[in-house]
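Colleague: Here it is, the structure in full.
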Amino acid sequence: VQLQASGGGLVQAGGSLRLSCAASGGIFSIFAMGWYRQAPGKQRDLVATISSSGRTDYVDSVKGRFTISRDNAENTMYLQMSALKPEDTAVYYCYAVRGGSAYWGQGTLVTVSS
C-alpha cells in the first residue's frame, strides 16, 4: 500500500486547510486509517483515526476543529482542519493499518502563523 499526503501549507491562525491522503496498491476500504503529526523537536502524536466502518476518534486538542473522513470510492482520506492555531504547526502524516501491517505517507507540512 502506498500513501500520498498532500494539502499542507501556510495559513494564518483561525484559518482552514484540508489534507488529503491518497492510497494505492491495496483494498482501501478494509484499512483503519488516521493522521499523526510531528511538531519540530517533538515526538509524533496521534491526531485522528477513522475505522474501516467510518467510526472516528480525535485527540482532545483538535476535537470540534478537525474532521476526519474517507471516500472509499476515491481511495482517499481527508482531514479538514478549521480554527487552526499556531500549535497545530507540524508535519502531518497519514497512515493505514490492518492486522500487523502499517503503512505511512511521506508527510505534509502545515504551518500556522499567529
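The values are calculated or read from the model by the stated rules, or taken from the named source; none is laboratory data. Computed from a predicted model, the values in this text were never measured in an experiment. Please note: Cβ atoms are built from the backbone with ideal geometry, for glycine as well, and neighbour counts cover all protein chains shown. Protein only, heavy atoms only, side chains kept; ligands, DNA and RNA dropped before computing areas. Shrake-Rupley method; radii C 1.70, N 1.55, O 1.52, S 1.80 Å.
Colleague: Leaving out ligands and nucleic acids, and using a 1.4 Å probe, what accessible area per residue does the stretch 15-87 come to in Å²?
Modeller: On the way: 3790 Å² over 73 residues.
In whole numbers, the stretch 15-87 has 52 Å² accessible per residue.
Colleague: Could you please state how large a percent of the accessible area of the chain is carbon and sulfur, counting protein chains only and using a 1.4 Å probe?
Modeller: Values: 2790 of 5860 Å².
Exposed carbon and sulfur together represent 48 percent of the surface.
Colleague: Also, quick follow-up: Given the options Gly41, Tyr78, Phe66, identify the residue whose Cα lies farthest towards the positive end of the charge dipole of the stretch 35-114 (+1 on Cβ of Lys, Arg; -1 on Cβ of Asp, Glu).
Modeller: Looking along the dipole axis, the top candidate is Gly41.
Colleague: In addition: Ignoring ligands, DNA and RNA, how do Arg37, Arg18 rank by accessible area with a 1.4 Å probe, largest first? Spell out each step's value before the answer.
Modeller: Values: Arg37 35, Arg18 130 Å².
Descending accessible area places them as Arg18, Arg37.
Colleague: Mind checking which of Ala90, Ala102, Ala22 has the largest fluctuation in a GNM of the chain, springs on alpha carbons under 10 Å?
Modeller: The residue with the greatest mean-square fluctuation here is Ala102.
Colleague: Compute the separation of the alpha-carbon centres of the stretch 62-114 and the stretch 1-53 and state it in Å as a whole number.
Modeller: Taking the Cα centre of the stretch 1-53 as reference, the centre of the stretch 62-114 is 3 Å away.
Colleague: Next question, about the same structure. Given Cα pairs under 8 Å that are at least 6 residues apart, what percent is the relative contact order of the chain?
Modeller: Details: 277 pairs, mean separation 41.4, N = 114.
36 percent.
Colleague: Express in Å², to the nearest 10, the accessible area of Leu109 obtained by rolling a 1.4 Å probe over the protein heavy atoms while all chains stay in place.
Modeller: 100 Å²
Colleague: If you project the alpha carbons of the stretch 12-114 onto the principal axes, what extent comes out on each, in Å, largest first?
Modeller: Principal-axis extents of the stretch 12-114 (Cα, largest first): 40, 25, 22 Å.
Colleague: For Arg65 and Lys42 in one chain, what is 0.36 nm times their gap in residues minus the Cα-Cα distance, to one decimal in nm? Could the numbers behind the result be given before it?
Modeller: On the way: separation 23, 0.36 × 23 = 8.28 nm, distance 2.17 nm.
Here the answer is 6.1 nm.
Colleague: To the nearest 10 square angstrom, how much accessible area does Lys63 have with a 1.4 angstrom probe?
Modeller: Here the accessible area works out near 110 Å².
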